[in-house]
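Engineer: Before I ask anything, here is the structure I am working with.
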Amino acid sequence: MSLGSNLGDKRKNMAQALALLTQKGVKILRASSLYRTQPVGYTEQLWFYNQVIEVSSSLNPYDLLRLIKGIEKRMGRKPTRPSGPRPIDIDILLAEDCIIRTKRLTIPHPRMQKRNFVLVPFKEMSPGTTHPVLKKTISELWKKSTDSSVVRKLKPPKEKAEGLYIERKQKEKSERKKGLRAVSVGGLQT
Ligand code: AMP
């Protein structure tokens, strides 16, 4: 799925959408970094934050669509022009090898291969995923893309970066200790 936001606290909106999906039983398996992206289509609006996620769910694609539309509504999305400003937009990009073409739902998402804001985060998360209709990987679709809109990876928030730094240092310390223990055990055995 693809998540986008360009109204209000964008980082918070993205996190809230993930939390609401999780609350409704959708499991987030993988997520790309957040990207700051230039609007495509209707360009007279603020830049977006975008992200691509991989989920697992017991819902069929139509029920998943109903769920994400409910989350968009709950998060204050009002009907605007296509590609217009929104606190959150959630699209289904792929559903394994499923191909659906109905009035309500099209999977694979018909514009995903034309949008840098989808292809760049998707390529970061899973470059080798194959588009079931175009029979090309996400990496190949990105190379072929003629979209010139700007997509920049965002750094994680400072607290998170600091948290991760502390976590990494603690892990390194405990691994060093474990290594020492392994060496001394080895020493006793030989
Ligand atoms: P959006 O403006 O992105 O919220 O999409 C508008 C409409 O597109 C929705 O009301 C859906 O019925 C329809 N739609 C068709 N295919 C998809 C898809 N793969 N993911 C999300 N919405 C879709």
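The values are calculated or read from the model by the stated rules, or taken from the named source; none is laboratory data. Keep in mind the model is a prediction, meaning the values are calculated, not measured. Neighbour counts run over all protein chains shown; Cβ positions are idealised from the backbone, glycine included.
Engineer: Out of curiosity, is residue 36 in contact (Cβ under 8 Å) with a residue 12 or more places away in the chain, closer than 28 Å to residue 150 by Cβ, away from the ligand (no atom under 13 Å from the Cβ) and among the charged types (D, E, K, R)?
Structural biologist: Against the criterion (in contact (Cβ under 8 Å) with a residue 12 or more places away in the chain, closer than 28 Å to residue 150 by Cβ, away from the ligand (no atom under 13 Å from the Cβ) and among the charged types (D, E, K, R)), residue 36 qualifies.
Engineer: Residue 70 is checked against (1) surrounded by fewer than 21 Cβ atoms within 10 Å (Cβ to Cβ); (2) under 13 Å from the mean Cα position of the chain (by Cα) and fails just one. What number does that condition carry?
Structural biologist: Just one mismatch for residue 70, condition (2).
Engineer: Suppose we keep only residues that are of a type in the set (D, E, K, R) and at pLDDT 95 or above within the stretch 148-173. Which one would you say is farthest from residue 46 (Cα to Cα)?
Structural biologist: Taking the stretch 148-173 first, the residues of a type in the set (D, E, K, R) are 152-153, 155, 158-160, 162, 167-169, 171-173.
Among the residues that remain, those that are also at pLDDT 95 or above are: 152-153.
Working: 152: 15, 153: 17 Å.
Looking at residues that are of a type in the set (D, E, K, R) and at pLDDT 95 or above, I get 153.
Engineer: Let me ask something else about it. For the stretch 43-153, list the helices (runs of 4 or more DSSP H) that sit wholly inside it and hold at least 1 residues that are over 19 Å from residue 13 (Cα atoms) and touching a residue at least 60 places away in the same chain (Cβ under 8 Å); which are they?
Structural biologist: 116-125
Engineer: May I pose another question? Name every residue in the stretch 6-33 that is touching an Asp or Glu at 6+ places or on another chain (Cβ under 8 Å) and part of a loop (DSSP other than H, G, I, E, B), in order of residue number.
Structural biologist: Let us first name the residues in the stretch 6-33 that are touching an Asp or Glu at 6+ places or on another chain (Cβ under 8 Å), namely 28-33.
Hits for the stretch 6-33 are 32, 33.
Engineer: Also: Would a scan of the stretch 65-73 turn up a residue that is out of contact with any Gly (no Cβ under 9 Å at 6 or more places or on another chain), of a type in the set (Gly, Ala, Ser) and more than 10 Å from the ligand (Cβ to nearest atom)?
Structural biologist: Looking through the stretch 65-73, at least one residue is out of contact with any Gly (no Cβ under 9 Å at 6 or more places or on another chain), of a type in the set (Gly, Ala, Ser) and more than 10 Å from the ligand (Cβ to nearest atom).
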